[in-house]
Structures are given as structure tokens and as C-alpha cells.
Amino acid sequence: MDCPSLPPLPSRIAGLADLAYNLWWSWNPEARELWRALDLQAYREAGHNPVRILRLVSPEALARAAESPDFLRWYDRVMERFRAETVALDPRAPRVAYFSAEFGVHVSLPMYAGGLGILAGDTLKEASDLGLPLVGVGLVYSQGYVRQRIRDDGWQEETPEALTTADYPIRPERAKDGSPVRFAVPPFDPPVHVEVWRAQVGRVPLFLLTTDLPENAPWDREISGRLYTGDLEGRLRQELVLGIGGMRALDALGVPVGALHLNEGHPAFAVLERWAAALQRGLGWREALEEVRRTTLFTTHTPLRAGTDVFPYPLVEKHLLPYLERVGIPREEFLALGLDPENPGAGFNMTAFAIRVSRATNAVSARHAEVAGRIWASVRTDGEPAKIRGITNGVHLPTWIEPLRVQRLLDRYLGPAWRERPADPAVWETILEIPDEELWRVHEERKGAMLAEIASRARRRWAEGSAGAAWAVVSGAFLDPRVLTLGFARRFTSYKRPTLLLHDRDRLARILTDPLRPVQIVFAGKAHPADHEGKRLLQEVYRAALDPRFGGRIALVEDYDQHLAKYLVAGVDVWLNTPLPPLEASGTSGMKASVNGVPVLSILDGWWPEGFTGENGWAFGGEEVAGDRTAADAEALYRLLEEEIVPLYYDRGPDEVPHGFVRVMKEAIRTVAPRFSARRMMGEYTELYRGALEGRL
Ligand SMILES: *Cc1c(COP(=O)(O)O)cnc(C)c1O
């Protein structure tokens, strides 16, 4: 990978280069404004990516900015806050190393596929806000994840990420002597070389490894090519680079690792390096492992046994045996750690392994803790069944509360308290004092912005000449700002049941095309490239969107990502969630919607049994039932729409404001923002981190 340079900047505004390479700007509205003020057109063309903005903006525009008193006043103000909020922590203080296969910090760094990655990104941002001694470790995927194109027959095609690594806001990490940090990752023979890059997330460094180096063979360069693709062996090799390579990188950089947090099982091999280091200090294998366990925590994200990586033994032996021998980890004991007692022959199970090498295993909601506890009950450590505690996910509020209107409204009524003490429920009581009319106007404005974004995407596709007329209908030409709008945006996969709403088409058609009180739906989401069933469900939605029976009231927006998510969670009226219980471990998009005053209509699964109060949204069907439950769930969904939500939405006072509906909006913000903020979540993790850093988990 090459590190391209930025064009020269006038010295008065040279700090823009630092700002461009620190993702801090992305959750600080004043900094976002600065990029817009520099050159609005470049900001848009660059897809809100400051590294690209600085390459696109003309020398004349830069010179003008460097002499504009208005710009400079703004610049100085932003830079002062930037410097103050990104002061480095004491480099000798022990760090929590947070390992994850995905990080979703911002669209300019496409290293995520979905919820797991977004959570990792929110974790880093909150750690920065709190000044926690945390560093992130991951991989740079030179081709990102995938972009979605929907063909004229409704089938998803994947196209490569439009950004290249040169566009990412990352830079090669330098050793003390200024040389690049490069080394060979131990288990591979012939060696696989990696180089370490850095993305800066406020105060928190995110170290990213790449194997895309000229000295590696083509198939080794591919190891960090793409997120979650490839065969099992490819995945194993990726996880070895992430885990073992990641620990080596921290060692090479002199980062003092005091504790290890494994976000999902993918990076669990990181433990081997720490185990090996303890062995080298002369401990026996058992004591060495116990020492590692006292400082390791693990977060599991899937309530599905099949959602775990299981590597066939021959593959594990091929890639790991020589390494284990060299560092002195006993083979039988290592293999026993990855044994799933319920599928002993299947291979090395990464979740079982991560549970056994961690003292604390966390699930991502209370319900998930119960389900995961049941699934993994047979995985024992020292004779004890795995104890899995729930730390329910939360979302980073400055990222997910819409900045232009909603954050300003909060600033006006709640003051700085909501930024300073977001997890304090008392702070949010003041929401009730916002006049209904004011909150409603803000929401209408956000809805308009979302519809404009959807229209501009459709127009761009049309102008490229790559879309037929049908696409114009599917992509939202008939959407109407006055109509109650449901949003369904998430990965297309069968357990999320994107087509539950389509179950009884006649009834749905009546709901959508009611002449006085119509309803429209915006769908968005990618199917995993290998998920044929997910693609089929997407196609079903596409066909429904074209079905004249639904009157053009169903839209499907292409290429769901973090950017589109921000428009949707603040712009629809009701956020829909229909997974098959108990398979939604947490779900965070409903939290993002709620904190913007968009109430949730959801199955009681994941976080919603904890979040639902009876007044802050709508709930149905959480119990686990045997047999096909589709009809019963669809019935409950239609009834809630027909009997409660539609009447409430269209019940307007003389001022045209739906006061009853606005009450639910306010309750959504008031009750969800404090409890499901990343601040509350990180408070719970901080307790564990403290224990881990002191070696007493
Ligand atoms: C929040 C988010 C997700 C996760 O949402 P779920 O509710 O867990 O499905 C996935 N993708 C993007 C782009 C997001 O912003």
C-alpha cells in the first residue's frame, strides 16, 4: 500500500491536515461545518471524506480560506477544541487492546459490514470522549466490504468499493527511528509480512494491519483484501494475522498492553501471543494461561451456534502446529480449548475458545445473555459452565443524533448536560418541555432531508444511464413527505425477516393505499455476497415495490451504509424490526432511531425487552414458539399499524401537529437516550477494564 501525500496547504491553515487524519471531526458538528465552509462542492464530491476534500480543493480556494477572517475564526475555534480534546494519554499507562475484525467509524473508512463493526466504531469514539486508555486493533481491507447494485430484475450484484486505500484517512505507522513498522507474522511458513497503519479516532489510535505488500505472494496479499470473504482457510489466515499479528504490532510499537478485549471470536488468537510471553517468563502452561485469562474479556455477538467460525482440525494443525511447538504451547491443551462438546468432531470453535481463554464473557443484551448462556452451557472452564453476563449495547449519541437540527434542539432545551452526562436519565427529563410543534417541525425537516437524499441517489443512477424506468419507481420516485413512513434498513438475511410485512399482500395493500391515511415503506440493506436466500428476499421486496397494487408506496434504496443510515434513522416516522426471536442479539439501529425521536415498532427481541416501556414505541411477539409463526407475527404487526399507529399519526390538531404521536416520540428520546447510549455501555465495560488492568477479573 502506498501512502499518498496531501497537496501543500497554506501555513495558516496547515492544521487541516491533522484534522483530516483524525476522525474526531466526524462527530463534532463544528468541525464538519469547517469542511463544508472550506468548499461545499468538494465536500459533497468527496463523499464527506476530508482526505479527498484536500486533494480536490483548488489552491485558489485554499488561499482564499487562509485569508478569510470568517473562515479563520471558525478554523481557530475548531482547532482549539480539537487540540484540547485529543491530548494524548500517558504513553506508559497500560492499555486495553480492543481487537475487532470490523470497525465502522465513518464512511470514509469502509472497514465494516454491519452492526458489529458500527458498535466497535462507537466504542472507540466513546473511549476517546471518556479518555479511556484504549487502543483498537484491526485489519485494513484494501477492497473494503462490498457496494451494492440492484439489477433490473431485482437481483443484488456486488461492485468493489469505490474508495481506494489512498483515500482512507489512515497513515503508515512509524517506529521511533522513522521507519515503517513491518514484520513477518509468526505462524506462516513461508513468512507473511504485514505493515501497520494508523487511523486516529479522537484520542484513541486504531492500528490496522495490511498484508498488501510487494514482498508477499499474491495469495498472501489477499489476506487483508476483503472483509469476510473467501473460504475457511482464507478466514483462518485472516484471523491469524489479526490476532497474532495484532499483538506483535502492539509489541513492536511499544504499546503496554494491560488487558485484552476480544470483540467477537475472530481475533481470539491474540491470546496465543500473550500466553507464549507468559511461558517465556518460566510459568507452566496452566499458570501462564490463567494469567492471561485474568486480563482477557470477550464479547459474543451471535445467538446462533452456526454463526461462529469453526475451523477443521487439519487446517488448524497445518497453520498453527509449528508455531505452538516453537512457543511451547502444548498442542492437546490448545485444541481442547476450542472444543465444542456438542459438536466435538466439527473442528476448532472460535467462540468456545474465546469463552475458555477469557474470565469475563459478555453478551450484548440481557436476553442474548440468557440465550448465549443456554447455547454455550456445555463449554466449561475449570469444571464450571460458562457464565455469560449481558452488557447491552449502546450507541454513540454525538454520531447518531442528527447534528443540524436534532442536536441543536437538544442544545437549546437540555443545554450542555446531554453532551456531558448523556447516561444520566435526569438530564433527559427536559425533553418533555419541548413544545410539540417544535419537535414536530424538526422531524418534518429531517424527513424532507431524507427524501431529498433518496431522490438525489435515484437521480444520479438515472443520469448514469444504468437504470431503467422501473428503477425510478423502486428507488422512491413516489414517496410523499406527508405520508406515514416506515423504515426497514438492515442486513438482508432470513432471520431478520425483511418480508414479514409482505405476508398478507391484500391487507398490506389496503394499509398502504388507504385514500385518507396512507402508509409508505422505505427498505434498504445489503445481503452478504454468499447469502443466496438474503438476495432472494431482497428481490422479493424489489418486486413488491414494482407491484401496482401497492401504489408506489414501497421503495428500496440501494447500498445501505453508515451515511444512508444517518438519514434513515432520523427521517422515517417509525422504525420497523421483525427478526425471528431469539436471533437478534441486540440490534442497534432501533436505538439510533429512538434517540432521534423515531419510535420503534419491533418484535420483543434483542434490546427491545429492556427498552420498551409501553409508551415509547410498539412491541409484539417476543416469545419463542415452535413451528411457523409468520402468520401470527404478521397479524400482530398489521393490527398495531391499523389500530394504533396509523390513527395516532393522522390524528392532527388544528395546528396540524399529531400530539399523541409526538408524545411517543418524546418518550422514545427520553427513555432510550440515557440507557442505550455508548456512555452507559462503556461505563459497564470500564468496570471490567479496571478489573482486567489490575489482573483480577
Ligand atoms: C446501526 C447499523 C447497523 C446495525 O443495525 P441492526 O439494528 O443491528 O440491524 C448495520 N448497518 C449500519 C450501516 C448501521 O448504521
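FYI, it's all coordinate maths here, none of it is from the lab. No experiment lies behind these values; they were computed from the predicted model shown. Here Cβ is always computed from backbone atoms with ideal geometry, including for glycine, and neighbour counts include all displayed protein chains.
Find which of 493, 612, 416 sits farthest along the positive direction of the dipole of region 397-676, computed with +1 on the beta-carbon of Lys and Arg, -1 on that of Asp and Glu, about the Cα centre. Going by the Cα projections, it comes out as 493.
Each 5 Å bin from zero holds the following percent of Cα-Cα pairs in region 160-202: 6, 18, 17, 19, 20, 14, 6, 0. Sorted largest first, the principal axis extents computed over the alpha-carbon atoms of region 186-261 equal 34, 24, 23 Å. For region 75-178, the fraction of C-alpha pairs more than 15 angstrom apart is 73%.
Put simply, the C-alpha atoms of region 489-570 give a gyration tensor, and the ellipsoid matching it has half-axes of 23, 16, 10 Å, longest first. Each residue, residue 12 and residue 419, gets one label point 7 Å from its Cα in the Cβ direction; the gap between the two is 2.6 nm. Relative to the Cα centre, the charge distribution of region 525-633, modelled as +1 at Lys and Arg Cβ and -1 at Asp and Glu Cβ, gives a dipole magnitude of about 420 debye. The length gained by stretching the chain between residue 430 and residue 387 to full extension, at 0.36 nm per residue less their Cα-Cα distance, is 11.6 nm. With the simple spin-label model, which puts each label point 7 Å out from Cα in the Cβ direction, the residue 696 to residue 478 separation comes to 6.6 nm.
Here the spin labels are modelled as points 7 Å beyond Cα on the Cα-Cβ line, and at residue 507 and residue 182 they lie 6.4 nm apart. The dipole here belongs to region 28-112: it is taken about the Cα centre, uses +1 on the Cβ of Lys and Arg and -1 on the Cβ of Asp and Glu, and is about 180 debye. Projected over every direction and averaged, the convex hull enclosing the alpha-carbon atoms of region 572-660 yields 6.0 nm².
Kirkwood Rh, Cα Rg: Rg to Rh for the chain?
Dividing the radius of gyration by the Kirkwood radius yields 0.96.
Each listed q (0.13, 0.17, 0.20 Å⁻¹) maps to a log10 I(q)/I(0) for region 1-90, found by the Debye formula over equal Cα scatterers with no solvent: -0.40, -0.68, -0.95.
The charge dipole of the chain, taken about its Cα centre with unit charges on the Cβ of Lys, Arg, Asp and Glu (plus for the first two, minus for the last two), comes to roughly 780 debye. Note on 87, 185: ascending count of other Cβ atoms within 10 Å places them as 87, 185, the fewest first. Annotation: for a label point projected 7 angstrom from Cα along Cα→Cβ of residue 536, residues of region 599-643 with backbone N closer than 18 Å are 628-631. With both residues required to sit in region 273-426, DSSP beta bridges show an antiparallel share near 40%.
For the chain, calculate the relative contact order in percent as a whole number, restricting contacts to Cα pairs under 8 Å that are 6 or more residues apart.
On the way: 1316 pairs, mean separation 89.4, N = 697.
Once normalised by length, the contact order is 13 percent.
Calculated mean residue ellipticity, 222 nm, the chain: -12000 deg cm²/dmol, from DSSP H runs (n ≥ 4) at -39500 (n - 2.57) each, averaged per residue and rounded to 500. Considering only 82, 54, 68, and ranking their Cα positions along the charge dipole of region 48-93 that arises from unit charges at the beta-carbon of Lys, Arg, Asp and Glu, the one farthest toward the positive end is 54. Comparing Cα centroids, region 247-322 and region 472-534 end up 42 angstrom apart. Computed over the alpha carbons of region 475-532, Rg followed by Dmax gives 13.2, 43 Å. Of all beta bridges that DSSP places with both ends in the chain, some 35 percent have antiparallel geometry. The Cα atoms of region 363-490 define a convex hull whose projected area, averaged across directions, is 13.4 nm². A Förster radius of 30 Å combined with the Cβ-Cβ distance from residue 686 to residue 336 puts the calculated FRET efficiency at roughly 0.35.
Charge tally for residue 351 (other residues, Cβ to Cβ under 13 Å; Lys, Arg +1; Asp, Glu -1): -3. In plain terms, if you count all Cα to Cα distances in region 287-387 and split them into 5 Å steps from zero, the share in each step is 2, 13, 23, 25, 19, 13, 4, 1, 0 percent.
The share of Cα pairs per 10 Å bin across region 329-428, counted from zero up to the longest distance, runs 14, 30, 18, 16, 15, 7, 0 percent. Think of the chain as a dipole: +1 on every Lys or Arg Cβ, -1 on every Asp or Glu Cβ, centred on the Cα centre; then among 479, 255, 16, 16 lies furthest on the positive end. By the rule of a C-alpha distance below 13 Å, with chain neighbours fewer than 8 residues away ignored, the aspartates and glutamates paired with residue 447 are 402, 480, 573.
What fraction, in whole percent, of alpha-carbon pairs in region 397-676 exceed 28 Å separation? In whole percent, the share of Cα-Cα pairs in region 397-676 beyond 28 Å is 33. Using the Cβ-Cβ distance between residue 41 and residue 80 with R0 set to 25 Å, the FRET efficiency from 1/(1 + (r/R0)^6) comes to roughly 0.35. A Förster distance of 56 Å, applied to the separation of the beta-carbon atoms of residue 455 and residue 280, puts the FRET efficiency at 0.35.
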